[in-house]
Amino acid sequence: MASPEELRLMTRVARMYYTEGVRQPQIARRLGLSQARVSRLLSKAEQHGIVRITVSPPAGTHPELEGALQERYGLRLALVVEVGEDDEQRILPELGAAAAYYLEATLRSGDVIGISSWSASLLALVDHLHPAPGLAGVRVVQVLGGVGDPAAAEHATRLTDRMARVLHGDAVHLPSPGVAGSAASAKALREDPFVAAGLALFDGITVALVGIGSLEPSRVLASSGNVFSAAEIERLRAAGAVGDVCLNFFDAAGTPVDTGTAERVIGITPDGLRAVPRCVAVAGGRRKTEAVRGALRGGLVNVLITDRFTAERLTRP
């Protein structure tokens with residue numbers, strides 16, 4: 001229990017620091033105290049209710065939703081973006097801008113960035129990315145085969161090459177399709193020296209950037225040619241699949257669903273995604289909500305950047 005004299009001193013120190021804007025070293029000099037004593041008095045002032053610190057979130061930020069997402073799904077971090085409409089195409093630029101800012105703020109020299117090849121949300125990220133001063137030794141590695149329809153090849157090139165160029169890093173391509181024609185051809189491609197060299201870097205990825213797909217392929221993925229047939233999609237649907245990350249399909253509980261598709265995919269595996277220290281999903285929209293939920297439940301990502309409407313749906317009882 002603090003004495004009246006100590007309470008008076010706490011109040012005086014708290015007033016000087018929080019109301020008058022006097023720094024702790026100056027408070028210590030003026031009152032003849034050690035700086036450590038000033039710090040302890042400020043802490044005690046909070047404990048005794050003399051000081052009550054509140055945070056007033058500005059309009060357009062959603063800390064409560066972010067906290068709810070982190071708690072419910074065990075995420076390392078959730079970032080919820082304010083958007084005006086619950087429209088998938090309209091939210092993409094907002095998600096891309098938020099993800100680019102997050103990446104710029106958190107990248108470190110020597111990071112190995114894994115990036116999925118066929119994602120509209122990641123393309124929006126790269127379009128908003130600015131150079132990060134002081135970075136060195138960054139590598140950008142494709143984690144899903146980036147060869148597809150020549151008419152759509154610019155997507156994979158822009159995602160990898162432009163990101164590497166903006167970050168003054170090196171691009172490492174995965175010179176294969178994301179989906180091989182057969183398990184045998186996928187095996188042969190994985191043994192190709194250039195493909196094998198890209199795959200070998202997956203264990204060293206420190207930050208992965210991925211989209212989350214619903215069962216129906218996005219326009220970007222469909223145009224790339226890295227898709228399964230309608231019959232294969234129906235088999236996945238019948239088996240309970242709700243979405244994919246890097247063409248790794250899962251059900252509503254996040255459990256992997258494989259109807260023979262996995263052996264044809266050339267890219268990072270579910271276990272590979274879970275092993276990445278920061279696996280960042282940039283995804284949102286009503287169409288993808290159940291896919292995002294499944295990916296979170298399955299632990300495929302540990303950082304989520306999404307829109308307000310999707311976050312509200314994900315946090316409802």
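Some notes on this structure:
- Of the residues making up the stretch 174-191, not a single one is within 26 Å of ARG293 (Cβ to Cβ), touching a Phe, Trp or Tyr at 6+ places or on another chain (Cβ under 6 Å), of a type in the set (Val, Ile, Thr) and in contact (Cβ under 8 Å) with a residue 24 or more places away in the chain.
- Matching residues, the stretch 9-45, being under 39 Å from the mean Cα position of the chain (by Cα) and touching a residue at least 40 places away in the same chain (Cβ under 8 Å): LYS44
- Selection count where residues are open to solvent by 40 Å² or more (accessible area, probe 1.4 Å), in a loop (DSSP other than H, G, I, E, B) and out of contact with any helix residue (DSSP H, G or I) (no Cβ under 7 Å at 6 or more places or on another chain), scope the stretch 34-52: 1
- Checking each residue in the stretch 25-36 for being among the basic types (Lys, Arg) and under 13 Å from ARG12 (Cα atoms) picks out only ARG30.
- Unique match (being in contact with a Gly (Cβ under 8 Å, 6 or more places away or on another chain), in contact (Cβ under 8 Å) with a residue 60 or more places away in the chain and of a type outside the set (Val, Ile, Thr)) among GLU88, GLU66: GLU88
- Within the stretch 155-165, one or more residues are touching a residue at least 24 places away in the same chain (Cβ under 8 Å) and of a type in the set (Lys, Arg).
- Of all the listed residues (LEU77, LEU69), the sole one being among the aliphatic types (A, V, I, L, M), over 30 Å from ALA14 (Cβ atoms), surrounded by fewer than 19 Cβ atoms within 10 Å (Cβ to Cβ) and at pLDDT 90 or above is LEU77.
- Among the residues making up the stretch 269-300, a single one is open to solvent by 10 Å² or more (accessible area, probe 1.4 Å) and of a type in the set (Val, Ile, Thr): THR269.
- Count of the stretch 4-33 residues which are open to solvent by 70 Å² or more (accessible area, probe 1.4 Å), assigned to a helix (DSSP H, G or I) and of a type outside the set (S, T, N, Q): 9
- Among residues of the stretch 91-120 being touching an Asp or Glu at 6+ places or on another chain (Cβ under 9 Å) and farther than 21 Å from LEU167 by Cβ, the one that is least open to solvent (accessible area, probe 1.4 Å) is ILE91.
- Residue check for ARG235: modelled with pLDDT under 95 and either of a type in the set (Lys, Arg) or closer than 17 Å to ALA275 by Cα (or both): no
- The stretch 55-142 holds helices (runs of 4 or more DSSP H) entirely within its bounds, and those carrying 2 or more residues that are more than 17 Å from the chain's Cα centre (by Cα) and closer than 29 Å to ASN226 by Cβ map to 88-106.
- Residues within the stretch 127-154 that are out of contact with any strand residue (DSSP E or B) (no Cβ under 8 Å at 6 or more places or on another chain) and either crowded, with 22+ Cβ neighbours inside 10 Å or without any contact (Cβ under 8 Å) to a residue 12 or more places away in the chain (or both), tallied: 4
- Qualifying residue in the stretch 83-90 (condition: touching a Pro at 6+ places or on another chain (Cβ under 6 Å) and open to solvent by 60 Å² or more (accessible area, probe 1.4 Å)): no
- The residues in the stretch 69-81 that are in contact (Cβ under 8 Å) with a residue 24 or more places away in the chain, more than 15 Å from ARG313 (Cβ to Cβ) and touching a strand residue (DSSP E or B) at 6+ places or on another chain (Cβ under 8 Å) can be counted, and the count is 4.
The values are calculated or read from the model by the stated rules, or taken from the named source; none is laboratory data. As the structure is a prediction and not an experimental result, all values here were calculated from the model. Note: ideal-geometry Cβ built from the backbone for every residue, glycine included; neighbour counts use all protein chains shown. Only protein heavy atoms, including side chains, enter the accessible area calculation; ligands, DNA and RNA are left aside. Shrake-Rupley method; radii C 1.70, N 1.55, O 1.52, S 1.80 Å.
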